[in-house]
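Presented below is the structure to which this report refers.
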Amino acid sequence: MYNIAYEETYKDGQVIFKEGSSGDWVYVVLSGNVEISRAVREKKLVVEKLKSGEIFGELAFLGSIRRTATARAVGETMVGIIDREFLDQEFNKIHSDFRSILVAVVDRFKRLIERTSGSKS
């Protein structure tokens, strides 16, 4: 289904990436679960829990922005990192107008996240 470059395994509670960090890899949950959370007023707010087959990290890829949330393994979890070269090739095949729309949506979503959490990423 996805063009996986390589796989990584994480132990329960291990951080896959942190909110505010750089990186534009897109991940897919292969087994286990991933908790997506944000720091809001110094407290952890769980945004979503992902299961096998779901992707995450796409905002950083699409918008070339810092991570808007923290991803953490729930139980032993295996994730696949989707091949960056493949993603770049496929993204660049999209008409430039549509690419601009996608980037604008990501930017708007990032601003919404910032306003609702009272922070700047």
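None of the figures in this text is laboratory data; all of them are computed from the coordinates on show. If you're wondering where the values come from, they're calculated on a predicted model, not measured in any experiment. All Cβ positions, glycine included, derive from the backbone under ideal geometry; neighbour counts span all protein chains shown.
Just want the answer: with Cβ charges of +1 for Lys and Arg and -1 for Asp and Glu, which residue in Val103, Gly53, Ser37 is farthest toward the dipole's positive end in segment 4-117?
Positive-most Cα among the choices belongs to Ser37.
Using amide H atoms built 1.01 Å from N in the peptide plane, name the residues 5+ places from Phe17, or on other chains, whose amide H lies under 5 Å from its own.
Ala71
Fewest to most neighbouring Cβ within 10 Å: what's the order for Tyr6, Tyr27?
Numbers: Tyr6 9, Tyr27 22.
Sorted ascending by nearby Cβ count, the order is Tyr6, Tyr27.
Search the structure for amide H atoms under 5 Å from the amide H of Asn33, placed 1.01 Å from N in the peptide plane, and list their residues when 5 or more places away or on another chain.
Distant-sequence amide H within range of Asn33: Val74.
Enumerate the calculated ³J(HN,Hα) couplings along segment 74-86 in order (Karplus 6.51 cos²θ - 1.76 cosθ + 1.60, θ = phi - 60°), each rounded to whole Hz, writing x wherever the residue is Gly or Pro.
With coefficients 6.51, -1.76 and 1.60, one gets 10, x, 5, 10, 10, 10, x, 9, 6, 3, 5, 4, 4 Hz.
Given the C-alpha centroids of segment 81-95 and segment 9-73, what is the distance between them in whole angstrom?
20 Å
List Thr70, Thr77 from most exposed to least, where exposure is judged by having the fewest other Cβ atoms within 10 Å. Provide the component values of the computation, followed by the final result.
Details: Thr70 20, Thr77 24.
Result, fewest neighbours first: Thr70, Thr77.
Tell me the mean residue ellipticity at 222 nm calculated for the chain from its helices only (DSSP H runs of n ≥ 4, each -39500 (n - 2.57), averaged over every residue, nearest 500). Could the numbers behind the result be given before it?
On the way: 3 runs with 38 residues, N = 121.
Taking each H run of at least 4 residues, the total per residue is -10000 deg cm²/dmol.
Please compute the length gained on full extension between Val46 and Val105, using 0.36 nm multiplied by the number of residues separating them and subtracting their Cα-Cα distance. Mind showing how you got there, number by number?
Details: separation 59, 0.36 × 59 = 21.24 nm, distance 2.23 nm.
The span from Val46 to Val105 would gain 19.0 nm if fully extended.
Most exposed first by the Cβ proxy, i.e. fewest other Cβ within 10 Å, how do Asp12, Asp97, Asp107 rank? Let's see the in-between values first.
Numbers: Asp12 12, Asp97 7, Asp107 15.
Neighbour counts put them in this order, fewest first: Asp97, Asp12, Asp107.
Once amide H atoms are built 1.01 Å from N in the peptide plane, which residues 5 or more positions from Asn3, or in another chain, come under 5 Å H to H?
Placed amide hydrogens put Asp83 under 5 Å from Asn3.
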